[in-house]
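A short write-up of the structure that comes next.
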Amino acid sequence: MHTLMKYSFTSSARRLRLALAGSLALAPALAAPFAANAQAYKPQPRPAAAAPALLSAPQSQLPDVTPGAYVLAPSDQLQIVVQGHDELTQTVQVLGDGTFHFPIAGKVQASGKTVDQLETALAHGISGIVKDPQVTVLVRESHTRKISVAGAVKAPGLYEYHPGMRLLELIAASGGPLQAPELTQATVITAQGTQSIPVDLPRLLSGGDTTQNLALAPGDLLLLSPRDPATSMIQVIGQVEKPGQYPVMTGGSTLSALLTESGGPTPSAALTQAQLMHAGTVRPLNLHALKYNLGDPAGRIVLVAGDTLLVPENKQKIAVLGEVRAPAVYLIPDGEDLPITQALAQAGGSTVEADKKQVGVLRLGSDNKRHLIAVNMEAMLRGDASVTDSNLKPGDILVVPTRHRKQGIGEYIGQVPGLFYISRLLTGGRGY
């Protein structure tokens, strides 16, 4: 079911307007041999609910959204409305490189921006022709509830996730492997990109091992790779500029050469969490040094035919809220630190109304509760040696209060608009 999400702000608070629209799309009929196995399967250890039709996400299972904090990504479908200019109304899809084309503005970068930031960028882009443009961006279809199927499969692509979805159902929906299961390597890569789980495809499809029928989650990727030794290709997937299959050089291809051929990592690549899949095994790799030096020893690893290199997305994020010029969610650079002062600079610095003496950092503890860390930003910025410019951790929320408040910093933070939703977004729904 397509969902329609509208995000808008006022100057005092960010407020969410969520509208639902769409139509039910029926999935293709399951291939006969796989359907038989799906019917025979009895999930363990938890019983599976009756499987609803594919491509029909229930309204009650819509992803959590945050006013203005929803970060756009490739495959998002957007409706763009310019008030008073119907000829500029467009429905676009964010391309794999994170961009789309719009009249007057031309090529527009969307991936990595919030909906609010995109509205501002579009208004600026058409302001030379349209006087005082009022731009509204509607997210008609979000990438956040999809599961991907890639590689040697009959119908690769994105499939709608529904609660209780398992691997056998996804394989059946995608038509199954191009080759015999015995000649196919199957791997499930989790949404966070931190875990790759090899799957014994012959045992799964024969119904002989129900433990192979893994439970899936939104954002997961099922990768099917050929095991045929005659295969002469290496697969590169994830956060590289040109993902795809590449021919193996004589004697094998080095990681450095492969990264160069695939266009190098994207800005959102997590090189520290790269993975090499070889002959059914998964090897974690830290390729961060290759970002600055392709001659680093990490780049000398040799890949052979049938190997797959995965470069996952960097999902380590923090938020900067309150009296700053650009409150938003920001990435912690992969493999690098993000000091408090640098995070403040990313957010455009503080406003003139900011109380920099009582800045707060909300950090999730082991008890799944957020704890307040008070920071004297004013002393930090003037170089006071007694105040440490600490590094922020993934999931931290930096809040700069107003100097006109009448309550303490703790009470003020509790009233920051959208704080609960942003907290859930940063931690994947854990704690507050």
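Structure above, values below:
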read-out	value
Subset tally (residues that are surrounded by 17 or more Cβ atoms within 10 Å (Cβ to Cβ) and in a loop (DSSP other than H, G, I, E, B)) for segment 180-206	2
Flag for Ala319 being in a helix (DSSP H, G or I) and either within 23 Å of Tyr421 (Cβ to Cβ) or of a type in the set (Gly, Ala, Ser) (or both)	no
Residue count, segment 376-427 (criterion: at positive phi and touching a residue at least 24 places away in the same chain (Cβ under 8 Å))	2
Matching entry among Ala123, Ala150 (being touching a strand residue (DSSP E or B) at 6+ places or on another chain (Cβ under 8 Å), surrounded by fewer than 21 Cβ atoms within 10 Å (Cβ to Cβ) and under 30 Å from Ala186 (Cβ atoms))	Ala150
Subset of segment 319-345 that is touching a helix residue (DSSP H, G or I) at 6+ places or on another chain (Cβ under 7 Å) and within 22 Å of Asn286 (Cβ to Cβ) - its residue that is modelled with the lowest pLDDT	Gly335
Which numbered condition Val130 fails, given (1) within 23 Å of Gln245 (Cβ to Cβ); (2) part of a loop (DSSP other than H, G, I, E, B)	(1)
Filtered residue count, segment 391-416, keeping only those that are under 28 Å from the mean Cα position of the chain (by Cα) and either outside the structural domain of Val329 (by TED's automatic domain parsing) or within 19 Å of Gly348 (Cα to Cα) (or both)	8
Among (1) surrounded by 13 or more Cβ atoms within 10 Å (Cβ to Cβ); (2) in a loop (DSSP other than H, G, I, E, B); (3) over 32 Å from the mean Cα position of the chain (by Cα), the one test that Asp384 misses	(1)
Residue that is modelled with pLDDT under 90, touching a strand residue (DSSP E or B) at 6+ places or on another chain (Cβ under 9 Å) and in a loop (DSSP other than H, G, I, E, B), where the choices are Gly306, Gly348	Gly306
Residue, modelled with the lowest pLDDT, within segment 400-431, restricted to residues that are surrounded by 18 or more Cβ atoms within 10 Å (Cβ to Cβ) and touching a Phe, Trp or Tyr at 6+ places or on another chain (Cβ under 8 Å)	Ser423
The lone exception for Gln93 - which of (1) surrounded by 15 or more Cβ atoms within 10 Å (Cβ to Cβ); (2) touching a Leu at 6+ places or on another chain (Cβ under 8 Å); (3) more than 19 Å from Leu425 (Cβ to Cβ) it fails	(1)
Scan of segment 168-187 for residues that are modelled with pLDDT of 90 or more and either closer than 30 Å to Val92 by Cβ or touching an Asp or Glu at 6+ places or on another chain (Cβ under 9 Å) (or both), ordered by number	Leu170, Ala173, Ser174, Gly175, Ala186
Residue within segment 274-288 that is farther than 21 Å from Thr190 by Cα and either surrounded by fewer than 19 Cβ atoms within 10 Å (Cβ to Cβ) or not assigned by TED's automatic domain parsing to the domain that holds Leu310 (or both) present	no
Positions within segment 100-119 being part of a loop (DSSP other than H, G, I, E, B) and on the phi < 0 side of the Ramachandran plot, in sequence order	Pro103, Ala105, Ala110, Ser111, Lys113
Among residues of segment 387-432, those that are more than 15 Å from Arg370 (Cα to Cα), out of contact with any Ser or Thr (no Cβ under 6 Å at 6 or more places or on another chain) and part of a strand (DSSP E or B), counted	2
Matching option when the condition is among the charged types (D, E, K, R) and in contact with a Pro (Cβ under 9 Å, 6 or more places away or on another chain), among Asp396, Asp384, Asp367, Asp355	Asp355
Some residue of segment 298-321 being among the acidic types (Asp, Glu) and surrounded by fewer than 16 Cβ atoms within 10 Å (Cβ to Cβ)	no
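The values are calculated or read from the model by the stated rules, or taken from the named source; none is laboratory data. Keep in mind it's a predicted model, so treat the numbers as computed, not measured. Cβ: placed from backbone, ideal geometry, glycine included. Neighbour counts: every protein chain shown.
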